[in-house]
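Enquirer: After the structure tokens below, expect a handful of questions from me.
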Amino acid sequence: MSNIFKTALLLAVLTAMLVLIGGAFGGQQGMLVAFVLALLMNFASYWFSDKMVLAMYGAQPVEEAAAPGLHAILRRLTTRAGIPMPRVYLIRADTPNAFATGRDPQHAAVAVTEGIMRILDDEELEGVLAHELSHVKNRDVLIATIAATLAGAITYLAHMAQWAAMFGGRSGDDEEGGGSNPFALILMAVLAPIAAMLVQLAVSRAREFQADATGAKIAGRPSGLAKALEKLHRANEAVPMAANPSTAHLFIVNPLSGSVLMRLFSTHPPIEERIARLRRMRA
């Protein structure tokens, strides 16, 4: 199954969950209210995503004179990808990592840490930057916002269900054969947000696989990214980055510590599987 089809399927699952759970919890009106609230909250993070994330990590703009090699690689890759040159930022952190942000290719920014500039050679850095530019080209910030909006609406509906259970079920059920079962409402209220979150995380993992594949094509070879992922994984396992969990999905490798529980709810696929897929592309 292709990553593009998988993403579309997962978003369809979230939409179906919203429709079904909305009908069960709050009816059409409740579903609409929950969706609008989630949309308003996520729209701000989508529209101002670049400014918010860059400020969060104290990223500083880097001019071409200060990092000519970095700019040269990005300019070469953007030409191949057919997208505008993004703004370039440096994060003063020893942990090697990188991310791309921005609501569309015209407002994109790529940020790298000091650590990644030290440990990667040009081929590996090219692979990483091609991966990040793939997120821009594939409009993954928009896709993540859509997934977050649908999952957020489901969570709001779950909160409505909790209140409905406390006060004897939602109104209007009598016409369909009696009030809702409070125990069933509470159970759905607990399980629905977890299910929505798991689907949202699956969307994030699918987009990482797609960015790896697209990035390898833009770079012209998958070996650079494969070798870079090995280095970055070891470095981030040894010294995890002090990152906000809400932005972990943006980075090329998960910046948070890799406990078993974290891996169960990870925004990133297993690094071993990502490397294996890249190596199969070369074969």
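All of the numbers you see were taken from the coordinates with simple rules; none came from a lab. What you are looking at is a predicted structure, and each value in this text was computed from that prediction instead of being measured. Cβ sites come from the backbone with ideal geometry, for glycine too, and all protein chains shown count toward neighbours.
Enquirer: Within a 10 angstrom radius of the beta carbon, how do Lys231, Lys137, Lys51 rank from fewest other beta carbons to most?
Expert: Lys51, Lys231, Lys137
Enquirer: Given H placed on each backbone N at 1.01 Å, which residues far from Val253 in sequence or on other chains put an amide H within less than 5 Å of it?
Expert: Ala98
Enquirer: Sticking with this one: Sorting Ser246, Ser45 on the 10 Å Cβ count, fewest up front, what's the list?
Expert: Ordered by Cβ neighbours within 10 Å, fewest first: Ser246, Ser45.
Enquirer: Further question on the same structure: Please state, as a whole number in µm²/s, the translational diffusion coefficient that the Stokes-Einstein equation yields for region 101-158 at 25 °C and 0.890 mPa s, with Rh defined as the Kirkwood radius across alpha carbon pairs.
Expert: 184 µm²/s
Enquirer: Taking 1 over the mean of 1/r across every pair of different Cα atoms in region 1-153, what Kirkwood radius in Å do you get?
Expert: 17.2 Å
Enquirer: Taking θ = phi - 60°, what integer Hz values does the Karplus form 6.51 cos²θ - 1.76 cosθ + 1.60 yield along region 140-154, in sequence order, with x for Gly and Pro?
Expert: Running phi through 6.51 cos²θ - 1.76 cosθ + 1.60 with θ = phi - 60° gives 6, 5, 5, 4, 4, 5, 4, 4, 5, 5, 5, 5, x, 5, 5 Hz.
Enquirer: Going by C-beta contacts inside 10 Å, put Glu63, Glu126, Glu132 in order with the fewest on the left.
Expert: Glu63, Glu126, Glu132
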